[in-house]
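Undergrad: Just passing along the structure, written as structure tokens.
The values are calculated or read from the model by the stated rules, or taken from the named source; none is laboratory data. A quick note: this is a predicted structure, and the numbers were derived from the prediction, not measured. In this analysis, Cβ positions are derived from the backbone assuming ideal geometry, glycine residues included, and neighbour counts consider all displayed protein chains. Accessible surface areas use protein heavy atoms only, side chains included; no ligands, DNA or RNA. Shrake-Rupley method; radii C 1.70, N 1.55, O 1.52, S 1.80 Å.
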Amino acid sequence: DEEFNELCFEFGLELDEVTSEKDIISKEKGEEKAKGASEIVLYKIDVPANRYDLLCLEGLVRGLQVFKERINLPRYEKIIPPQGEVQRLIITEETVQIRPHAVAAVLRDITFTKERYDSFIDLQEKLHQNICRKRALVAIGTHDLDTISGPFTFTAKAPSEIKFKPLNQSQEYTASQIMDLYRTDSHLRHYLHLIENKPLYPVIYDSNGVVLSMPPIINGDHTKISVNTRNVFIECTGTDLTKAKIVLDTIVTMFSEYCAKPFSVEAVEVVYPNKKTHIYPELAYRKEKVKPELINKRVGISETPSSLAKLLTRMCLKSHVVGNTLEIEIPPTRADVIHACDIVEDAAIAYGYNNIQMTVPKTYTIANQLPLNKLTELLRLDLAAAGFTEALTFALCSQEDIADKLGMDLSATKAVRIANPKTAEFQVARTTLLPGLLKTIAANRKMPLPLKLFEISDIVVKDPNTDVGARNYRHLGAVYYNKSPGFEIIHGLLDRVMQLLEVPPNEENGYTIKATEGSAFFPGRCAEIFAKGQSIGKLGVLHPDVITKFELTMPCSALEINIEPFV
């Protein structure tokens, strides 16, 4: 395990954990539920989001074998059958409005085992989730070619006209019935919205009118593949042609190793509505030229061109030295190599991040703490010395916390809203520190009184004058919770803070407090604090309604000021 962990790290991956199904279930659901689960050791490996070629065991093993120089990088080739035998996929113009692109390929004489088959299905699912953006950009369909006969037609029809038996179902349904059928399906319901409100649904037929699939929802049951399937027809339909090509290339390069002629893929001719044709998969190899000096300079090493070429070849980028540059061949599996910097990164990984010598930067600078943070740190120490306990609360809260519970209107708070909050607790960014502190007290009601809490953190309000439309302010908030309101204690804390900030208690150049009213405060028990010629906050006894809304039972006084004017 340790050796494998080391190898993953060298290859730029991370072995997340060594576990088993039993361990995973017992962690999530407890020992009872885990009984009878498999104890086979599982490796959880973190793969970077750009490396689609490492998302299945085949690609990962191949990549590591090449990296360890045990095998040479295979050469992927497409075989174009003689005229008349080539499979064709015809795209009709009805698809233009919905899913205009389609690409296809055939894996001939493939030998599946249970493990290979599971890996094949698993890779499709992983691609659907990331590069296909939950099937919005591309949807993959794999079919048993021996159960159907080409040419195939990719068209779009009204939902009532499409009728077929969906995968693993026992009867035929129309497209609209299929949508209703899967509305409760935990897996497929997430994809229904992609075509649900369209007048026409995309569908693929063979020459006898058999439905292969209704992308991006479900395949037909007639063409389903199994462990015994020998010839697989793969189609990828989508709204993004580039992504569709990458997905097709990834699937065929990963699994063509199990074909009778390893690493060969049979091409399919795609006919566009304008009668133009194109052969897929592209399986395009391309050459890039990079100067060795650039790699050395960017990574901070000094390797010879030939050793850099060797490093890159270990990363599946076959390279050799031509004159004074490196010529690098980018295989179809490496869609993530877009620019020279991607090649430089791979050279650095192969060289080993741990082997790069650390050097002192050539620029000479002295780092300084941000003045606002420095002031915050100094205040935190002294507030703790004054007998208050620091709380750290979430920067996001619910709309009620900052509006209803404090007796304010939400529109008056200038709060920044989250567009699609996951929970009711995190709907807006906080505009005051008070709710967080009161919730902390509510969670600690069992503690002996008095409770004295403070927090110095940022609040966020909308500000149309900034480039991002919002602005942060560093606030200091404190609350005192006891059988009596303790206004004098909070007032004393304010005086102590001002003493530390060397602000005298007078009107000319110091601070003053003036009676005011605040929706969260008790009438006649609230004051506004002025300093540096501006209002910096309020202190006072909280209104009983506020206290009960936060599920508290005792009186409470609070202080909240903006400390930025004192930096």
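Undergrad: Using the Karplus curve 6.51 cos²θ - 1.76 cosθ + 1.60 with θ = phi - 60°, what ³J(HN,Hα) values do you get for each residue of region 83-96, in whole Hz, with x for Gly and Pro?
TA: 3, x, 9, 6, 6, 10, 10, 9, 9, 9, 6, 4, 6, 3
Undergrad: Tell me the accessible surface of Lys44 in square angstrom (1.4 angstrom probe, heavy atoms of protein chains only), to the nearest ten.
TA: Lys44 has an accessible surface of roughly 90 Å² with all protein chains in place.
Undergrad: Pop a pseudo-label 7 angstrom from the Cα along the beta-carbon direction at both Asp1 and Asn274 and give the gap in nm to one decimal.
TA: Roughly 5.8 nm, to one decimal.
Undergrad: Could you work out the relative contact order of region 245-295? I mean the mean sequence separation of Cα pairs under 8 Å and 6+ apart, divided by the number of residues, in percent.
TA: On the way: 31 pairs, mean separation 14.2, N = 51.
Over region 245-295, the number comes to 28 percent.
Undergrad: Also, I was wondering about something else. Counting only C-alpha contacts under 8 Å and six or more residues apart, can you give the relative contact order of the chain as a whole percent? Could the numbers behind the result be given before it?
TA: Values: 1027 pairs, mean separation 65.1, N = 567.
Reported relative contact order: 11 percent.
Undergrad: Let me ask you something else. May I ask you to derive the FRET efficiency for His193 and Leu57 from their Cβ-Cβ distance with R0 = 30 Å, giving the value to the nearest 0.05? Walk me through the numbers before you get to the answer.
TA: Values: r = 32 Å, r/R0 = 1.08.
Result of the calculation: an efficiency of 0.40.
Undergrad: So if R0 is 41 Å, what FRET efficiency would Ala260 and Phe9 give, r being the distance between their Cβ atoms, rounded to the nearest 0.05? Mind dumping the intermediate values first?
TA: Details: r = 37 Å, r/R0 = 0.91.
Once rounded, the FRET efficiency stands at 0.65.
Undergrad: Follow-up. Once label points are set 7 Å from the Cα along Cα→Cβ at both Ile79 and Asn420, what is their separation, rounded to one decimal in nm?
TA: 4.4
Undergrad: Express in Å², to the nearest 10, the accessible area of Val96 obtained by rolling a 1.4 Å probe over the protein heavy atoms while all chains stay in place.
TA: Surface accessible to solvent at Val96 totals approximately 80 Å².
Undergrad: Across region 175-186, in residue order, what do the Karplus-derived ³J(HN,Hα) couplings come to in whole Hz, using 6.51 cos²θ - 1.76 cosθ + 1.60 with θ = phi - 60° and x for Gly and Pro?
TA: Using θ = phi - 60°, the values come out as 4, 5, 5, 4, 4, 5, 4, 8, 4, 9, 6, 4 Hz.
Undergrad: Something else now. In whole angstrom, note down how far apart the Cα centers of region 487-543 and region 267-281 are.
TA: Region 487-543 and region 267-281 have Cα centres spaced 76 Å from each other.
Undergrad: Still on this structure: Could you work out how far apart the two model spin labels at Ala412 and Lys44 are, taking each label as a point 7 Å from the Cα in the direction of the beta carbon, and quote it in nm?
TA: 4.8
Undergrad: Find, among the trypsin sites (Lys or Arg not before Pro) in region 400-449, those assigned to loop by DSSP (not H, G, I, E, B) with at most 16 other beta-carbon atoms within 10 angstrom.
TA: Working: sites: Lys405, Lys414, Arg417, Lys422, Arg430, Lys439, Arg445, Lys446; in loops: Lys414, Lys422, Arg430, Arg445, Lys446.
For trypsin sites (Lys or Arg not before Pro) across region 400-449 that sit outside H, G, I, E and B with at most 16 neighbouring Cβ atoms in 10 Å, the list reads Lys414, Lys422, Arg445, Lys446.
Undergrad: So if each residue of separation counts as 0.36 nm, and I subtract the Cα-Cα distance between Thr242 and Lys289, what length gain in nm does that give?
TA: On the way: separation 47, 0.36 × 47 = 16.92 nm, distance 2.30 nm.
Value of the extension gain: 14.6 nm.
Undergrad: Follow-up. Taking a ≥ b ≥ c as the square roots of the Cα gyration tensor eigenvalues, with a/c under 1.5 meaning rounded and otherwise prolate when a/b beats b/c, else oblate, which class fits region 27-75?
TA: Numbers: a/c = 4.18, a/b = 2.53, b/c = 1.65.
It is prolate, given that a/c is not under 1.5 and a/b is the larger ratio.
Undergrad: Gain in length, Asn354 to Asp404, computed as 0.36 nm per residue apart minus the alpha-carbon separation, to one decimal in nm? Working shown, then result.
TA: Working: separation 50, 0.36 × 50 = 18.00 nm, distance 5.47 nm.
Extra length from Asn354 to Asp404 when fully extended: 12.5 nm.
Undergrad: Let me ask something else. If you roll a 1.4 Å probe over the heavy atoms of the protein chains, what accessible area per residue do you get for the chain, in Å²? Provide the component values of the computation, followed by the final result.
TA: On the way: 29510 Å² over 567 residues.
Result: 52 Å² of accessible area for each residue.
Undergrad: Could you tell me how many degrees, from 0 to 90 and to the nearest 10, lie between the Cα long axis of helix 305-314 and the main elongation axis, the longest principal axis, of the Cα atoms of the chain?
TA: Helix 305-314 sits roughly 90 degrees off the main axis of the chain.
Undergrad: Still on this model: Exceeding 22 Å between C-alpha atoms, which entries from my cross-link table qualify? They are Lys483/Lys549; Lys405/Lys538; Lys68/Lys287; Lys68/Lys243; Lys452/Lys532. All intermediate terms of the calculation are to be shown ahead of the outcome.
TA: Details: Lys483/Lys549 18 Å; Lys405/Lys538 17 Å; Lys68/Lys287 24 Å; Lys68/Lys243 30 Å; Lys452/Lys532 28 Å.
Over 22 Å Cα-Cα: Lys68/Lys287; Lys68/Lys243; Lys452/Lys532.
Undergrad: Still on this structure, please answer the following. Can you run phi through the Karplus equation (6.51, -1.76, 1.60; θ = phi - 60°) for region 357-373 and list ³J(HN,Hα) in whole Hz, with x for Gly and Pro?
TA: 5, 6, 10, 7, x, 6, 7, 10, 9, 10, 6, 10, 6, 4, x, 5, 5
Undergrad: Considering only protein heavy atoms and a probe of 1.4 Å, how much of the accessible area of the chain is carbon and sulfur, as a whole percent?
TA: Values: 15190 of 29510 Å².
On the chain, the fraction of accessible area on carbon and sulfur atoms equals 51 percent.
Undergrad: Give the calculated FRET efficiency between Asn506 and His339 to the nearest 0.05, with a Förster radius of 56 Å applied to their Cβ-Cβ distance. List each step's numbers first, then the result.
TA: Details: r = 63 Å, r/R0 = 1.12.
My answer for the efficiency is 0.35.
Undergrad: Here is a follow-up. Helix-only estimate, please: 222 nm mean residue ellipticity of the chain, summing -39500 (n - 2.57) across DSSP H runs of length 4 or more and dividing by its residues, to the nearest 500.
TA: Details: 15 runs with 150 residues, N = 567.
Value at 222 nm, helices only: -8000 deg cm²/dmol.
Undergrad: Separate question: Exposed loop GluC sites (Glu not before Pro) only (DSSP loop, at most 14 other Cβ atoms within 10 Å): please give the longest stretch of the chain free of them, not including the sites.
TA: Numbers: sites that count: Glu39, Glu69, Glu85, Glu172, Glu196, Glu425, Glu502, Glu507, Glu508, Glu517, Glu551.
For GluC sites (Glu not before Pro) (loop position, at most 14 other Cβ atoms within 10 Å), the longest site-free span of the chain is 197-424.
Undergrad: In addition: Between Leu392 and Gln499, what length in nm is gained on full extension when 0.36 nm per residue of separation is reduced by their alpha carbon distance?
TA: So the extension gain works out to 36.1 nm.
Undergrad: Right, something else. How much net charge surrounds His222 when only other residues with a Cβ under 11 Å from its Cβ are counted (Lys, Arg +1; Asp, Glu -1)? Intermediate results must be reported in sequence, preceding the final value.
TA: Values: positive: Lys165, Lys224; negative: Asp144, Glu172, Asp206, Asp221.
Once positives and negatives cancel, what remains is -2.
Undergrad: Enter the angle in degrees (range 0 to 90, nearest 10) between the Cα long axis of helix 487-500 and the first principal axis of the Cα atoms of the chain, meaning the one along which they spread out most.
TA: With rounding to tens, the tilt is 80 degrees.
Undergrad: I need the shape label for region 371-566. Rule: rounded when a/c is under 1.5, else prolate if a/b > b/c, else oblate, with a, b, c from the alpha carbon gyration tensor.
TA: On the way: a/c = 1.45, a/b = 1.10, b/c = 1.31.
Rounded shape, in that the Cα axes give a/c under 1.5.
Undergrad: So what's the angle, to the nearest 10 degrees on a 0 to 90 scale, between helix 434-443 and the longest Cα principal axis of the chain?
TA: 90
Undergrad: Provide the net charge surrounding Gly387, with neighbours chosen by a C-beta distance below 12 Å and charges set as Lys +1, Arg +1, Asp -1, Glu -1. It would help to have the intermediate numbers written out before the result.
TA: Values: positive: Lys452, Arg496; negative: Asp382, Glu390.
Result for the neighbourhood of Gly387: 0.
Undergrad: Would any residue of region 191-216 have its amide N under 14 Å from a label point 7 Å out along Cα→Cβ of Arg183? List them or say none.
TA: It comes to 192-193, 196-197, nothing else.
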